[in-house]
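As structure tokens, the structure follows; a few thoughts come after it.
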Amino acid sequence: MENVQNLPIDIQTGKLPDWLVDRRHCSLKWQSAVMVIREKINAAIQDMPESEEIKQLLSGLHIHYFHCLRIVEILKGTEASSKNIFGRYSSQRMKDWQEIVSLYEKDNAYLAELASLLSRTVSYEGPALRKQIAKAQQLQQELSRRELECQSTAADMKERYYAACRQYGIVGENVARELQALVKDLPTTLEETGKRAACLEDPIKLYAAFTNFVCDWSEPVLPMLSFIQQKGNATMYEWRTGRAPTVIERPVVEEAPPDTVTEEKIDWGDWSAGAGTEAVNSGITVKDSVDWGVTLESGKEIQDTGAGGIDWDESEPAAGEIELVDAGTDCPEGIARGGDALSLLESSQTRNQFIDELMELELFLCQRLSEMSEEGDMVAMSQFQLAPCVIQAQSAQRVQAMLADVRRLLEGLTSLRMQHLFMIQASPRYVERVSDMLRQKLKQADILVLKRASLAQRRQEALEEQANLEPRIDLLAARAKELQKLIEADISKRYNKRPVNLMGVHV
């Protein structure tokens, strides 16, 4: 019997309310009784004496039976003046709380409520708080990872921006202004390129001698390359006439406004829908020097009254008409005006011809270098016994040096930076497109920086939420330990002070 007295009673916390009902310590309808008690507690706490301890008891998460016992003990001191000769209190406060304690003790409703409160704390409230803390921690890790991604991507976008600026040869502080400044220096750059073309004399002579020897080619080769090699980056006027201009009047390039509709400036006249019996007015004025295959006499109006004829009228062009003027027309002798004032490397047509001839010379030198490396046999040597001295005197090292000079010139004109500069010169609106493209890269980087700041703020909010939840976990664990001790002591008294262990009380 003594051994049985020392055996502990182990109860699983989650099954404690059912255990109390099965052992008939509590009624099966204890919940309805507790609901009535809770209503009375809510009414009683509306009128309480000024006591610091009572305030602390009422400020708890849940007022249970043992709190009510302590309130009754406090009221015995504060309501002592209302005690009559029979030992009863006439104070309504004391009567209300004594009634609440009595209802709690009926059918041990307080024990069932404590068991339910402990079970709910361990099974639901604790895990829910733990889950919220784990979610806040996971959110912090995710936001931290995304912050690093935004920071890395923003740095990459800025690096791309500055890399693109380096390709254009600008710093990137004011893209449009820097690009326009580059175009202003373009004529000087092309002038230097024309001066460097002077080193092409020997390669051109070698190419001309080789073509004449092998193909019996009598016409001049590489005309544009030869001209620039001798004259430098001369004007179109000198290339066309063979004489250097005395005065150069460069054209003024005006940037068209963004909203200009150029189509409205063109008047094509009215095209007849008939059988061609009506004249077609083209609205085009032609100067005397343009050869259209029709004899035009200055100052006279030529009309063709036949079917489908064209009325050429040299009167002043109407607004919106296109005036075609040949290069150099109406210009005094020795004055380069309009397109004639451009240099050969500024004009796209002659520049492309110059680049084509440079490529042609490069391919010749590459082929010649390859052939010279294979001319070790007697047959190959005998083929050039009758060749001019300029061909026989060349060595592989000399041809290699010529090829390096050609490639340097070619690279200087076909580099990505030069291509952009030529496009900017040809179309002022290209500056706007390039500026928008570069600004877009920088804007994306700025957006990522702002997004990173937003993610950092959200991560700080998640950290603050975790900091607010952790004290609640500690408070919940302390309440669970308190309830565990109270329930174990109460059940132990019912079994002759046998030790009682509530299992699984972990918050």
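In this structure, is V434 modelled with pLDDT under 90, out of contact with any Phe, Trp or Tyr (no Cβ under 9 Å at 6 or more places or on another chain) and surrounded by 15 or more Cβ atoms within 10 Å (Cβ to Cβ)? Spelling it out, it is not the case that V434 is modelled with pLDDT under 90, out of contact with any Phe, Trp or Tyr (no Cβ under 9 Å at 6 or more places or on another chain) and surrounded by 15 or more Cβ atoms within 10 Å (Cβ to Cβ).
The set of residues from region 340-371 being in a helix (DSSP H, G or I) and among the polar types (S, T, N, Q) comprises S348, Q349, T350, N352, Q353, Q367, S370. Selection of region 374-404 for residues being in a loop (DSSP other than H, G, I, E, B), at pLDDT below 70 and of a type outside the set (D, E, K, R) yields G376, F384, Q385, L386, A387.
For first residues located in region 148-174 and farther than 17 Å from V449 by Cα, partners that are among the aliphatic types (A, V, I, L, M) and open to solvent by 70 Å² or more (accessible area, probe 1.4 Å) and lie 6+ apart or on another chain with Cβ distances below 7 Å form the pairs C165/V171; Q167/L416.
Listed here are the helices (runs of 4 or more DSSP H) enclosed by region 31-136 that have at least 1 residues being under 26 Å from N468 (Cα atoms), modelled with pLDDT of 90 or more and out of contact with any Ser or Thr (no Cβ under 6 Å at 6 or more places or on another chain): 109-120. Note on region 403-419: residues that are open to solvent by 40 Å² or more (accessible area, probe 1.4 Å), under 15 Å from G169 (Cα atoms) and out of contact with any helix residue (DSSP H, G or I) (no Cβ under 7 Å at 6 or more places or on another chain) amount to 1. List pairs: first residue in region 35-54 and within 22 Å of G77 (Cα to Cα), second residue outside any helix (DSSP H, G or I) and of a type outside the set (A, V, I, L, M, F, W, C) anywhere in the structure, Cβ distance under 9 angstrom, at least six positions apart or on different chains. Correct list of pairs: P49/E79. None of L413, L421 is at pLDDT 85 or above, closer than 26 Å to G232 by Cβ, part of a helix (DSSP H, G or I) and not β-branched (V, I, T) except L413. Of all the listed residues (V171, V175, V183), the sole one being under 18 Å from H420 (Cβ atoms), touching a Ser or Thr at 6+ places or on another chain (Cβ under 6 Å) and among the hydrophobic types (A, V, I, L, M, F, W, C) is V175. Among the residues that make up region 126-136, is at least one of them touching a Leu at 6+ places or on another chain (Cβ under 6 Å) and open to solvent by 80 Å² or more (accessible area, probe 1.4 Å)? Yes, that holds for at least one residue. When each of L502, L486, L455 is tested for being open to solvent by less than 40 Å² (accessible area, probe 1.4 Å), at pLDDT 90 or above and assigned to a helix (DSSP H, G or I), the lone residue that passes is L455. On inspection, R452 qualifies as of a type outside the set (A, V, I, L, M) and closer than 25 Å to S152 by Cα. Picking from residues in region 1-45 that are closer than 22 Å to I100 by Cα, small (G, A, S) and surrounded by 12 or more Cβ atoms within 10 Å (Cβ to Cβ), the one that is farthest from the chain's Cα centre (by Cα) is S27. Restricting attention to region 168-198, the residues being open to solvent by less than 60 Å² (accessible area, probe 1.4 Å), assigned to a helix (DSSP H, G or I) and not aliphatic (A, V, I, L, M) number 6.
The values are calculated or read from the model by the stated rules, or taken from the named source; none is laboratory data. From a predicted model like this one, the values you see are computed outputs, not experimental measurements. Here Cβ is always computed from backbone atoms with ideal geometry, including for glycine, and neighbour counts include all displayed protein chains. Just so you know, the surface numbers come from the protein's heavy atoms only, side chains and all, with ligands and any DNA or RNA stripped out. Shrake-Rupley method; radii C 1.70, N 1.55, O 1.52, S 1.80 Å.
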